[in-house]
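Written out below as structure tokens is the structure these notes cover.
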Amino acid sequence: MLLKEVQGINNLSFLAQKAMQGFITGLHNSPLKGFSVEFAEHRFYNTGESVKNLDWKLLARTEKKYVKQFIEETNLKAHIWLDVSGSMAFPYPQQNKLKLGLLISSTLGYILNKQRDAFMLQLFNGKNVLWQSELKSTKSHLSYCITLLEKLWTKGLSIELTSPEKNNATTLENLLDIKTGSTRMSESLQHLGRRNLVVICSDCLWDNNNGEEELEFWNSLNYMRYKKAEVLLIHIMDEELELNLNLQDSPILFQDLENHEQIRLNPVEYQKLYSENETKRVQKIKENCYSLGIGYFQIDVSQPLETALFAFYKQRNKIV
């Protein structure tokens with residue numbers, strides 16, 4: 001599933017379910033092992049029931065019908081962290097990075113619910129957690145989280161390009177009709193432990209005026225690993241525009257979607273230097289993840305959604 005093909009569809013729930021079904025179907029053709037489903041025992045086949053789990057090899061050997069029974073491991077606890085800071089609204093007004101993050105998060109919610117795994121959704125901005133759900137595995141919990149994400153999908157982040165007074169906490173509260181807070185990331189990690197998986201969807205862009213946001217981010221990830229949680233960072237970016245700076249050869253007014261600072265320049269004049277510096281920055285992020293034992297996956301907004309889901313799948317299998 002490609003973002004450019006579905007971003008005009010306003011039903012996020014439908015898209016996430018279709019993506020989940022396609023992903024799980026694709027696993028049957030994959031050399032990877034399936035989700036955590038462990039064989040338990042055989043029982044006699046009852047006339048009229050489905051033959052889905054009939055052991056055909058045993059039938060061929062014994063001429064008796066037995067059904068394979070399985071035990072599903074359901075004690076995984078997942079935490080989906082979605083970055084809703086201003087930079088995720090780039091390129092404005094399409095907000096492709098945010099939409100890809102929403103699609104990944106909602107699809108993961110459906111996959112986890114199907115596997116009966118509990119999950120928590122957290123919306124964060126820089127160094128703060130603005131809102132978080134409860135940790136549950138019920139369908140009503142999934143429905144509530146998807147409804148909230150769907151509002152962001154259809155309305156997007158309300159970024160005012162000329163109003164530096166705007167802040168994402170207030171915008172989210174008005175947009176989602178929920179009470180938001182401003183808890184530091186590190187303060188919301190006390191409940192983590194073994195058999196916990198944290199999936200972070202972010203563009204890894206911070207306010208670099210003092211480096212406080214970036215430091216808080218890495219300290220939080222380090223603490224997650226200290227608590228023995230598995231962590232996967234899904235780095236979302238628009239490589240064509242953000243990494244390569246492929247824009248028109250004429251002066252453009254650039255505005256920071258985080259702090260609203262503005263500058264006018266011709267991108268072609270700075271393209272090479274900018275691209276080199278940004279490549280080094282991304283490489284540093286990768287190295288930080290590897291040094292902390294964190295799974296890292298980089299996805300461009302033009303790539304299929306399934307590539308990010310496979311990254312999640314591999315990280316999940318480290319636990320189960």
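Rule-based calculations on the coordinates, nothing more; no lab input. The structure presented is a predicted model; accordingly, all values stated were derived computationally and were not measured. Backbone-built Cβ (ideal geometry, glycine too); neighbour counts: all protein chains shown.
Annotations for the structure displayed:
- Here the 3J(HN,Hα) profile of the stretch 266-281, calculated from phi with Karplus coefficients 6.51, -1.76 and 1.60 at θ = phi - 60°, is 8, x, 5, 5, 10, 4, 5, 5, 4, 4, 5, 5, 5, 4, 5, 5 Hz, Gly and Pro shown as x.
- For the stretch 229-320, applying the loop criterion from DSSP together with a ceiling of 16 other beta carbons within 10 Å to the GluC sites (Glu not before Pro) yields GLU261.
- About the centre of its Cα atoms, the chain shows a dipole size close to 1880 debye [charges on the beta carbon of Lys, Arg (+1) and Asp, Glu (-1) only; nearest 20 debye].
- Between the Cα long axis of helix 305-317 and the first principal axis of the chain there is an angle of about 60°, rounded to the nearest 10.
- Neighbour-limited loop hits for chymotrypsin sites (Phe, Trp or Tyr not before Pro), the stretch 242-280 (at most 12 other Cβ within 10 Å; DSSP other than H, G, I, E, B): none
- Within the stretch 93-251, the proportion of C-alpha pairs whose separation exceeds 26 Å stands at 30%.
- Protection proxy ranking, peptides 289-298, 76-85, 146-155, average beta carbon neighbours within 10 Å, highest first: 76-85, 146-155, 289-298
- Packing, as the average of other Cβ atoms within 10 Å across residues, places the peptides 92-100, 220-228 in the order 92-100, 220-228, highest first.
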